[in-house]
Amino acid sequence: MSGIKYLLVYLALGSVGGYIGARLKIPAGAMIGAMIVVIGFKIATKVDWALPRGFPFFLQIMLGITIGASFRMEMIQALTKVAVPVILSTLILVLVGMILAFIFARMGILDGGTAYLGTSPGAMSPLIVLALESGKDPTIITCFHFFRVVFIILTMPAIYRFFFE
């Protein structure tokens with residue numbers, strides 16, 4: 001089969017998995033569901049089909065459109081009110097991620113790029129695209145971010161009650 005046919009099979013499988021993940025209300029369910037179904041298919045059939053070369057580029061464009069379209073003018077006004085906490089928390093999170101990435105790389109657990117993308121704060125989707133673009137392991141990076149999202153969702157109610165009520 002050609003790369004386009006492989007892509008169509010992956011899109012069909014991923015659509016089913018994404019739909020199921022979203023319906024089950026899994027955090028990032030559409031993406032995680034699609035990923036699990038495609039990985040399951042690859043394990044079950046032992047296929048290792050490559051996607052067409054331009055697909056990651058197309059994915060980046062779609063992600064850019066999605067992020068750009070979600071922008072609202074009110075965000076600029078809101079940012080002026082919280083600029084210091086936003087900048088400070090971003091710098092601290094990035095610094096901690098860099099330190100952890102350095103430690104993981106020095107210990108030989110992960111290569112530096114995969115470790116940095118895995119420990120970086122941010123949305124899972126753009127970081128996975130960056131992983132694909134830079135040749136890093138998107139599965140490991142997805143594991144980092146998926147676990148973090150699930151952990152936050154599971155612990156947030158207790159932490160909020162304990163510290164903020």
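Structure summary
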item	result
Amide H contacts under 5 Å for A28, placed H, 5+ residues apart	none
Lysine pairs within the chain, Cα separation less than 28 Å, 8 or more sequence positions apart or different chains	6
Residue-wise HN-Hα coupling along segment 72-84, computed from phi with Karplus coefficients 6.51, -1.76, 1.60 (Hz; x: Gly, Pro)	10, 4, 4, 5, 5, 5, 5, 5, 5, 7, 10, 4, 5
Among I87, L100, L11 - extreme Cα towards positive end, dipole of segment 1-110, charges at beta-carbon	L11
Fluctuation leader among A105, A44, A34 - the chain, Gaussian network, Cα springs under 10 angstrom	A44
Listed peptides 23-33, 153-163, 111-121 by packing density, highest first (mean Cβ within 10 Å)	111-121, 23-33, 153-163
Separation of alpha-carbon centers, segment 1-27 and segment 103-148, rounded to whole Å	22
Which label in (i) 1.47; (ii) 0.99; (iii) 1.19 gives the computed Cα Rg over 2.2 N^0.38 Å	(iii)
Using alpha-carbon coordinates, inclination of helix 29-45 to the longest axis of the chain, degrees	30
MRE, 222 nm, helices only [DSSP H, n ≥ 4, -39500 (n - 2.57), over the chain, to nearest 500]	-27500 deg cm²/dmol
Chymotrypsin sites (Phe, Trp or Tyr not before Pro) lying in DSSP loop within segment 1-109, provided at most 10 other Cβ fall within 10 Å	F71
Order of K136, K81 under a 10 Å beta carbon neighbour criterion, fewest first	K81, K136
Backbone HN-Hα couplings from phi across segment 121-135 [Karplus 6.51/-1.76/1.60, Hz, Gly and Pro as x]	x, x, 6, 4, 4, x, 5, 5, 4, 4, 4, 4, 5, 9, x
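Here, each number is a calculation from the coordinates, and none is a lab measurement. Since we're looking at a predicted model, the values are computed, not measured. Glycine gets a Cβ as well: all are built from the backbone with ideal geometry, and neighbour counts include every protein chain shown.
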